[in-house]
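Some notes on the structure that comes next.
The values are calculated or read from the model by the stated rules, or taken from the named source; none is laboratory data. As the structure is a prediction and not an experimental result, all values here were calculated from the model. Note that we place each Cβ from the backbone using ideal geometry, even for glycine, and neighbour counts take in every protein chain shown. Side chains are part of the model used for accessible areas, which takes the heavy atoms of the whole protein and leaves out ligands, DNA and RNA. Shrake-Rupley method; radii C 1.70, N 1.55, O 1.52, S 1.80 Å.
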Amino acid sequence: MEEEKKIEEKQPRKDAMIALLFIWKWLKRFTLLSILLFLSLFLTFQIPAVQNWTANRLTASISDRLESKVELEYLYLSFFDKLSLRNFYIEDVYQDTLLFAEELVVDFDLNPIRLIRNGLEIEAIQLNTTSLHQRRKTGDLKNSVQRAMEKLFPKKKNKGAKNEGGLPLNIQYLDINDFTYLKEDEDRGQVHIIHLAEAEVGIEVLDFPNSHIEMGKVRISKPRILMDDLARGPNIDAVFAQDEMLLRQADTLAFQPTYFYYSIDDFSIEEGLFSLHNYRWNQERTTPIEQLDYRHMDVFDIEMRISDFVYSEEKYEGELTHMSFQDSSGFVLDTWRASYACVSPVELEAEGMYFKTPYSSIGDQLRFTYNDYYDFTTFNDSIRMDIDFNESSVALRDIMVFAPSLDNNAFFSSNQNEVLDIDGQIKGTINKLRGRDLSIELAGVGGRTIIKGELDARNLTTRKGELINLKLDQLSTNMRTLRQLIPNFNPPDNFDQLGNLEFQGWFDGYFTNFVADGTLKSNIGTAKMDMQMKLLGGRTNATYRGNISLIDFDLGRWSQDSTLGIVNFTSTISNGRGLTGETANADLEANVKSFIYRGYNYQNAVITGQLNKNLFDGTFGITDNNIDLNFIGKLNFTDSICLLYTSDAADEE
């Protein structure tokens, strides 16, 4: 009984072993059969006839979807994970080239689970000598690429619906060599060409139906962007009307505009070139080659690196870690970086910015606003600036690059090699400029000039029409520097005796017709003034009027006359003309508190009369401990004081 019991216990084990051996036997057979089947299929695909049949099926399928001609010269499939195509051609709706690829190599993943879940998973695509043409003929609302994409990747009707007949695929990596993109739009008058010598693109999300792409690292080498804007087509009004209709519909619930979205974690450009030529107004360039022209630009040696780059709704934004380039005008940008930068059809902004040329270095925030990109063609009047300067150095020649019309401004043209050290805020357009909390320093020929205060300026690019309003908390300069900086300002040599100047007050007007109101401190005394001066006719015919007070002013040093000394007086000047000894002519009223003549300090004098060249005609009265004089007559200052006529003089000691 015990032996029978042991036999019964061993029987289930024996049956299990037999079952396992049976399963193992058939598993080996299935594996061997699968390998043989795979090898058979692979070997079958090596047969040219099979490859040709596959190529024909592929081209026929794409041709059916696009309803256009598709050709493929060569197809090769290697171990079912690599596909090679040569001379692949797709025709567009205009019976011209839409896409041509001399060589296309695709590495893909045939993992069954991924195929079921995500569709075709493409690990890498290599494109060699490829061209993509985007065309739109007169009267068409959509271009050839848009129409092809809609047929290949139909959009889902709702979130729960599946693509009907689309080609679900995911692409992880693109390797591009010698790629050309051509855009031709007859109605808009655009011919744009983009050529990439080399490009590497890592793709994380690819969703064509919803116009959504996310990329990791993108490196582009030697890109060439050529943009020609030509005369617009006959139906351009219809195109603009269509654009306006779409904008109006965008405000309704019935229309939801589709915006393309793509992002790049790490974007870089090496040895780039950008060329823009607008021939809509002139068939040829009309400006000098050394002048920056926003309608004719040739920028080269472009280097760029951007992190966290995003494009959405026509707005580009990200962190600009480096940008440099040169322009055919001679302008050189050494580096431009910003913690945040954005460009859109209505604004350009850079925060945490550092901008450096061979002559300038600028920080910290910049913002340009405009109506559209074409406003840059009228930069001086259309581009509204909002710039915060923080310990910045700006060369006038660099400002003139972006606003070439400033070459007509005598101040800029005469001082283009000077560099301004700036802190503060600049707002407005070039021809309607405001400056607040400004601190400006300039290394002039006679020493540094320091300006602190507020600025309002108009018409800076209009020769002899420049209007300046300055509220000066501090102006530190000297006469040599003022002669250098202010056009047509050339006072007599004795003005140099003033030495270093400190001015606080207002300056309002033109360079040749202004009002100055404030206090001026110099090496030879202090002057308080409220003067209007017109220099349109030079110093010989200059006109002036106003009030001047001199405090502890060394008249001897000013006039180079040793018989004269310190003077203190208040005066009113009217009908003044001429700033030289030969031309000076003015009506004068003065109350002299004190003045030193031949070592004696005279006090309490009153002067009223007319100064005509070296002749004074009027009255002079003084009451002093040592003199009591009332004079009516004329004085000639040609060589020495000569009394021509006198009246009522008494008690002189």
remark   = The answer for Thr429, listing residues at least 5 apart or on another chain whose modeled amide H is closer than 5 Å to its amide H, is Met385
key: Nonlocal amide H pairs with Tyr173, under 5 Å, H built at 1.01 Å   = Ala124, Ile125, Ile203
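Roll a 1.4 Å probe over the protein chains and send me the accessible area per residue for the stretch 420-571 in Å².
On the way: 7290 Å² over 152 residues.
Value returned for the stretch 420-571: 48 Å² of accessible area per residue.
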request  = Heavy atoms only, probe 1.4 Å: what % of the accessible area of the stretch 522-626 goes to carbon and sulfur, would you let me know?
outcome  = 48 percent
note = Here the stretch 96-101 yields Karplus 3J(HN,Hα) values (6.51, -1.76, 1.60; θ = phi - 60°; whole Hz; Gly and Pro given as x) of 10, 5, 9, 9, 9, 10
ask   = With every protein chain left in place, what is the accessible area per residue of the stretch 326-415 in square angstrom, probe 1.4 Å?
value = 42 Å²
query = Sequence-distant or interchain residues sharing an amide H contact under 5 Å with Thr129, placed H: which?
reply = Asn177, Asp178
remark   = In order over the stretch 276-282: 3J(HN,Hα) from phi, Karplus 6.51/-1.76/1.60, θ = phi - 60°, whole Hz, x for each Gly or Pro, gives 10, 9, 10, 9, 6, 9, 9
key: Cβ charges +1 (Lys, Arg) and -1 (Asp, Glu), total dipole of the stretch 518-640, debye   = 380 debye
Apportionment of accessible area to carbon and sulfur, the stretch 400-470, percent (1.4 Å) = 48 percent
note = With +1 at each Lys and Arg Cβ and -1 at each Asp and Glu Cβ, the charge dipole magnitude of the stretch 427-477 around its Cα centre, to the nearest 20 debye, comes out at 240 debye
Pairwise label distance in nanometres, Asn408 with Lys142, each label 7 Å out on the Cα-Cβ vector = 4.9 nm
request  = Quick one: divide the alpha-carbon radius of gyration of the stretch 313-415 by 2.2 N^0.38 Å and tell me what you get.
outcome  = 1.09
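Once R0 is set to 56 Å, what does the formula 1/(1 + (r/R0)^6) return for the Cβ-Cβ distance between His192 and Thr570, expressed as a FRET efficiency to the nearest 0.05? Intermediate results must be reported in sequence, preceding the final value.
Details: r = 70 Å, r/R0 = 1.26.
So the FRET efficiency works out to roughly 0.20.
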